Amino acid sequence: MADVAHHVDMDEGLVNAAIFSDPAIYRQEQEKIFARSWLFLAHETQIPKPGDFFTTWMGGDPILVVRKRDGTVGAYLNACRHRGMKVCRADSGNAKAFTCTYHGWAYGMDGSLVNVPGLEDGYFNELDTSKNGLVPVTQLDHYKGLYFGNWDPTAPSLQEYLGDSTKFLDVMIDRREGGVEVLPGIHKWSFIGNWKLAAEQFAGDAYHGQMSHASAAAAMFEVNPPSADEGAGNPFGNVVGYQYSDQWGHGTGFSFDPRGQLFPVFFASEVLTNYYRSTHAEQIERLGAPFGYHTSHNNIFPNLSYLMPQNSLRVWHPRGPNAFEVWALTLVDKAAPPEVKEAQRIQSQLTFSAAGLYEQDDGENWSQIGENLGHGGTVINSLKLNYQMGIGHHGPSEDYPGTIGNVLVGEEPQRAFYRRWVEMMESDQWPIPEGDCAPTPLAAGQQ
């Protein structure tokens, strides 16, 4: 087992670059992180009818998510028990059964083995079909329409795992009565680089925005220019930012305009701007004034991220120590009128999608890091990377749970992410986090 503790020192804010490139560390992540964490599988509106299915991944394991005949949801390893071939090769659809195209073993929507060619003359009726059904995901649960799975029977409940991060998640999925739905379709594309680069950025990195996204912000500024009181002349508006992190490794950065305006640079149309303005009072009444923001970047440990107001929900699927895929969905309020849902679709595609203006900037950054580390250089893969921004300047808040930084930029959520990463990677038993994820006290003047 790789000794990861010497690679990560969050008291000093230092991370060894090797954690983004070492094959041994990647293999250990598959066992210690992805086989033991609650991982997002699908939203209920992707499989609304009996027989509906969606195929995805839990780390390196292929997964089949189905709406069973009784209306409940099941999740199974997408592998035939005969030779391990996928029993469902489609991305999504509706089926009555799943038949392996290798030898014809067939499975019902409940995962049971329902047909075996040659059962009588080949197996002499000696095959116990009851013991050869699809392997079910050990724990399956949902939060307000989001289904998660976990292979570890000793892991805590989904609700305990998500903890206070749900208060921030609700800002996107429960700001209006009826919740959200997924727009049809899913964007999938790949990057050179390590999955953690994307996950940690969404957990806490607003620092890159004004450098990496300057040209994209300027372009959006031209599409929907703000008025003088909305921050004209400043593409990033007049915002006050905060950061949230917790001992489970979840992280969020969110921002307000102190005058109650929207964050103009991210809105591609007047339709969306007017919609969020008109429903803002409902959001505050439903969630509380501290959660009346519209702009945030978020990560639920390890690899589920979401972004507002793009309403992009994405999973960073690892594909090796130096490769990963992103699968991105667009969520909309169910109560939103059709023209708003269409505007949200365009907004998401224009900004954060396979061809999105902002997505190109992020993808270039991650891939350039991946290329730098991917050639196996001794010196660069021994480099101590600096995660020291804001050490000692985060603490409790009267308005928010967890550990809060009263700044738009900082790296406490990233440090919380890697503290939890080390705990998971080093523990043989499922590690219940203890204490505060920000052990250093607030600096003088920050109380």
Q: Report whether or not LEU183 is in contact with an Asp or Glu (Cβ under 7 Å, 6 or more places away or on another chain) and surrounded by fewer than 20 Cβ atoms within 10 Å (Cβ to Cβ).
A: no
Q) How many residues are buried (at least 16 other Cβ atoms within 10 Å of the Cβ) and assigned to a strand (DSSP E or B) when one looks only at segment 89-107? A) 5
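For segment 131-151, indicate whether the set of residues that are more than 21 Å from LEU39 (Cα to Cα), over 19 Å from the mean Cα position of the chain (by Cα) and in the same structural domain as ASN322 (by TED's automatic domain parsing) is non-empty.
Filtering segment 131-151 for residues more than 21 Å from LEU39 (Cα to Cα) gives 131-133.
Restricting the remaining residues to those that are over 19 Å from the mean Cα position of the chain (by Cα) gives 131-133.
Keeping just the survivors that are in the same structural domain as ASN322 (by TED's automatic domain parsing) gives none.
Scanning segment 131-151, I find no residue that is more than 21 Å from LEU39 (Cα to Cα), over 19 Å from the mean Cα position of the chain (by Cα) and in the same structural domain as ASN322 (by TED's automatic domain parsing), so the answer is no.
Need a quick list: helices (runs of 4 or more DSSP H) entirely within segment 195-235 having at least 2 residues that are closer than 30 Å to PHE34 by Cβ and at pLDDT below 90.
On the way: elements: 195-204, 209-212, 214-223.
So the answer is 209-212.
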**Q.** strands (runs of 3 or more DSSP E) wholly inside segment 315-423 containing at least 1 residues that are in contact with a Ser or Thr (Cβ under 7 Å, 6 or more places away or on another chain), in contact (Cβ under 8 Å) with a residue 12 or more places away in the chain and closer than 26 Å to ASP91 by Cβ
**A.** 323-333
Q | Pairs with Cβ under 8 Å, 6+ apart, first in segment 89-108 and within 14 Å of LYS49 (Cα to Cα) and of a type in the set (Asp, Glu), second modelled with pLDDT under 95 and part of a loop (DSSP other than H, G, I, E, B) | A | none
**Q.** Residue in segment 330-388 that is farthest from VAL4 (Cα to Cα), counting only those that are surrounded by 15 or more Cβ atoms within 10 Å (Cβ to Cβ) and among the acidic types (Asp, Glu)
**A.** GLU342
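A quick yes/no check of all residues on (1) part of a strand (DSSP E or B); (2) buried (at least 16 other Cβ atoms within 10 Å of the Cβ); (3) of a type outside the set (A, V, I, L, M, F, W, C):
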position	(1), (2), (3)
TYR26	no, yes, yes
THR56	yes, yes, yes
VAL66	yes, yes, no
VAL87	no, yes, no
MET109	no, yes, no
Q) Just one of the numbered conditions (1) part of a helix (DSSP H, G or I); (2) surrounded by 22 or more Cβ atoms within 10 Å (Cβ to Cβ); (3) not charged (D, E, K, R) is not true of PHE191; which one? A) (1)
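Restrict the check to segment 177-184 and report whether at least one residue is under 16 Å from the mean Cα position of the chain (by Cα) and touching a residue at least 60 places away in the same chain (Cβ under 8 Å). If you could, list the steps in order and put the result at the bottom.
Here is the first cut: in segment 177-184, the ones under 16 Å from the mean Cα position of the chain (by Cα) are 182.
Still in the list and also touching a residue at least 60 places away in the same chain (Cβ under 8 Å): 182.
Scanning segment 177-184 turns up at least one residue that is under 16 Å from the mean Cα position of the chain (by Cα) and touching a residue at least 60 places away in the same chain (Cβ under 8 Å).
Against the definition (modelled with pLDDT under 90 and either farther than 21 Å from ILE300 by Cα or crowded, with 18+ Cβ neighbours inside 10 Å (or both)), how does ALA444 come out, yes or no?
Values: modelled with pLDDT under 90: yes; either farther than 21 Å from ILE300 by Cα or crowded, with 18+ Cβ neighbours inside 10 Å (or both): yes.
So ALA444 fits the description; yes.
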Q) Going through segment 111-130 one residue at a time, which ones are closer than 26 Å to PRO50 by Cβ, assigned to a loop (DSSP other than H, G, I, E, B) and of a type in the set (A, V, I, L, M)? A) VAL116
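Based on what the data block shows, is ASN150 surrounded by 14 or more Cβ atoms within 10 Å (Cβ to Cβ), farther than 26 Å from HIS43 by Cβ and touching a residue at least 40 places away in the same chain (Cβ under 8 Å)? Let's see the steps before the verdict.
On the way: surrounded by 14 or more Cβ atoms within 10 Å (Cβ to Cβ): yes; farther than 26 Å from HIS43 by Cβ: no; touching a residue at least 40 places away in the same chain (Cβ under 8 Å): yes.
Criteria not met by ASN150.
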Q) Of the residues LYS32, LYS49, which single one is in a helix (DSSP H, G or I) and modelled with pLDDT of 95 or more? A) LYS32
(Q) Residue under question is GLY74, and the condition is that it be over 25 Å from LEU127 (Cα atoms) and part of a strand (DSSP E or B); does it hold? (A) no
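The values are calculated or read from the model by the stated rules, or taken from the named source; none is laboratory data. Remember, predicted model here, so these are calculated numbers, not experimental data. A quick note on method: Cβ atoms are made from the backbone with ideal geometry, for glycine too, and the neighbour counts reach across all protein chains shown.
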